[in-house]
1. Does residue 231 fit the bill of being open to solvent by 50 Å² or more (accessible area, probe 1.4 Å) and more than 10 Å from residue 31 (Cβ to Cβ)?
2. Inspect all residues belonging to segment 161-182 and state whether any of them is at pLDDT below 85, open to solvent by less than 30 Å² (accessible area, probe 1.4 Å) and over 16 Å from residue 36 (Cα atoms).
3. Would it be correct to say that residue 192 is open to solvent by 60 Å² or more (accessible area, probe 1.4 Å), in a helix (DSSP H, G or I) and in contact with a helix residue (DSSP H, G or I) (Cβ under 6 Å, 6 or more places away or on another chain)?
4. Within segment 41-72, restricting attention to residues that are of a type in the set (Ser, Thr, Tyr) and open to solvent by 50 Å² or more (accessible area, probe 1.4 Å), which residue is nearest to residue 207 (Cα to Cα)?
5. What's the total number of residues in segment 179-196 that are of a type in the set (A, V, I, L, M, F, W, C) and touching a residue at least 60 places away in the same chain (Cβ under 8 Å)?
6. Restricting to segment 204-224, give me the number of residues that are of a type outside the set (Val, Ile, Thr) and surrounded by 21 or more Cβ atoms within 10 Å (Cβ to Cβ).
7. From the list 61, 68, which residue is over 15 Å from the mean Cα position of the chain (by Cα), modelled with pLDDT of 85 or more, over 18 Å from residue 234 (Cα atoms) and not polar (S, T, N, Q)?
8. Quick check: is even one residue across segment 199-220 among the hydrophobic types (A, V, I, L, M, F, W, C), farther than 20 Å from residue 46 by Cβ and in contact with a His (Cβ under 8 Å, 6 or more places away or on another chain)?
Amino acid sequence: MAFIFIALTFFSALAGGLLGLKWKDKMHLTLGFTAGVLVAVVAFEIFPELVELSESTGMSLRLPMIALVSGFLLFHIAEKMLLIHHAHEDQYGHHHHPTVGVFSALALSAHSFLDGVGIGIGFQVSPSLGIAVAVAVLAHDFTDGLNTVSLMLSHKNSPKRAFKFLMLNAVAPVLGGISTLFFTFSPEFLNMYLGFFAGFLLYIGASDILPEAHSHNSSLKTVLMTILGAVFVYIVTGIV
């Protein structure tokens, strides 16, 4: 079952990149839904698993919570450093560098690899957690595909080159997920990684994707789609 969800990440990222080019005017609704999904997965599935794993291993819950905050802050710092670079460029006039788009796309592919690792590790903990994490990753990889294409094109890369990096982004989570099929991690490591991954999902959902959704078209529909995303995960995790 894990491999099926891992394989689906390829198609999710690919669809995000291709559909983003065609239906840009509707992307705020998709982004709003995705943000709700990511935050809800942390609340309804990952956090309860952190508590359960901490109790079963005798690990203090403070340790995975430290990992959660570390994951949140690490991606916050990485993103803001990139934005600071862009801000300094703006002081010298409006211009774009294809290389910036390439490095940005590579960064997205790197954390897409971690998305796949998250699915694999989730299934090592339990099937229900694996499915819940997979739902979050599939939603997130859709926006990753979109962002990869957008970053490449906005920095004057050709559509052909943008598509090549979209394919790299689509393959990355598959490789990450497959890598976990060859290793079994200790419960203590799983607990710490899940904490870190939860911080990553919270940051991507609340501080990255949700503001992006409202920057395109802030409306009641976008808010409702975020709520719908959270309700969707609540129902899925309850059924599983």
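The values are calculated or read from the model by the stated rules, or taken from the named source; none is laboratory data. Source: prediction; values computed, not measured. Reconstructed Cβ throughout: ideal geometry from the backbone, glycine too, with neighbour counts over all protein chains shown. The protein model used for the area step is the full one, side chains on, heavy atoms only, and it has no ligands, DNA or RNA in it. Shrake-Rupley method; radii C 1.70, N 1.55, O 1.52, S 1.80 Å.
1. yes
2. Yes, segment 161-182 contains at least one residue that is at pLDDT below 85, open to solvent by less than 30 Å² (accessible area, probe 1.4 Å) and over 16 Å from residue 36 (Cα atoms).
3. So residue 192 passes the test.
4. Among residues in segment 41-72 that are of a type in the set (Ser, Thr, Tyr) and open to solvent by 50 Å² or more (accessible area, probe 1.4 Å), the one nearest to residue 207 (Cα to Cα) is 70.
5. So the count comes out to 6.
6. Qualifying residue count for the region: 3.
7. 61
8. Yes: one or more hits.
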